[in-house]
1. Please give the length that would be gained between residue 37 and residue 93 if that part of the chain were fully extended, namely 0.36 nm times their separation in residues minus their C-alpha to C-alpha distance (nm, one decimal).
2. State whether region 54-113 is rounded, prolate or oblate according to the following rule on the C-alpha gyration tensor (a ≥ b ≥ c being the square roots of its eigenvalues): a/c under 1.5 gives rounded; otherwise a/b larger than b/c gives prolate, and the remaining case gives oblate.
3. How big, in percent, is the set of alpha carbon pairs in the chain lying more than 24 Å apart?
4. Heavy atoms only, probe 1.4 Å: what % of the accessible area of the chain goes to carbon and sulfur, would you let me know?
5. Keeping every protein chain present and rolling a 1.4 Å probe, give me the accessible area per residue for region 52-138 in Å².
Amino acid sequence: MHRTEIDPIWQDLAVLERLVRESRTIAVVGLSADPARPSHGVATYLRSSGLTLFPVNPALETWEGLPAYRSLADIPDPIDVVDVFRRPEHAVEVAAEAVAVGAGALWLQLGVISDEAARVAAAGGLDVVMDRCFAVEHREVVGWS
């Protein structure tokens, strides 16, 4: 499997640690209702650790009792982190939307690698993390199990 080289700026450990320690509201873009999907497991973990989740998937009305949103623009509250579970070709659009709603950070999950999306988000003032799992990093930094 060919792996794209990732600029170390998008995996800055100080940024990762600050985001997992300080973030309270997470919009999970591409959240699946299927318990076998990684997005479902990550969202379940984050919710159980006390974070406020905003499921974003136009195919869902609700997720685990929470209202689901068609887009980031539909979320009525401030968003600390936009956690992206979409294919890399969709990441630029999500990054632009994250900037437009004033989110604090764009977090591209494992395998979601898009330098263009990272540049769009960073240019819009967002912190950016790429090709890392928010739940794994949260567990490592905060120690929630």
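1. Values: separation 56, 0.36 × 56 = 20.16 nm, distance 2.21 nm.
Length gained between residue 37 and residue 93: 18.0 nm.
2. Details: a/c = 1.80, a/b = 1.27, b/c = 1.42.
Oblate is the answer for region 54-113, as a/c is 1.5 or above yet b/c matches or exceeds a/b.
3. Details: 2309 of 10440 pairs.
Result: 22 percent of Cα pairs exceed 24 Å.
4. Details: 3780 of 7390 Å².
Here it works out to 51 percent.
5. Numbers: 3740 Å² over 87 residues.
So region 52-138 comes to 43 Å² accessible per residue, rounded to a whole number.
The values are calculated or read from the model by the stated rules, or taken from the named source; none is laboratory data. Small disclaimer: the values here were computed from a predicted structure and weren't measured. For the accessible areas, the whole protein counts, side chains as well, though only heavy atoms, and no ligand, DNA or RNA atoms are used. Shrake-Rupley method; radii C 1.70, N 1.55, O 1.52, S 1.80 Å.
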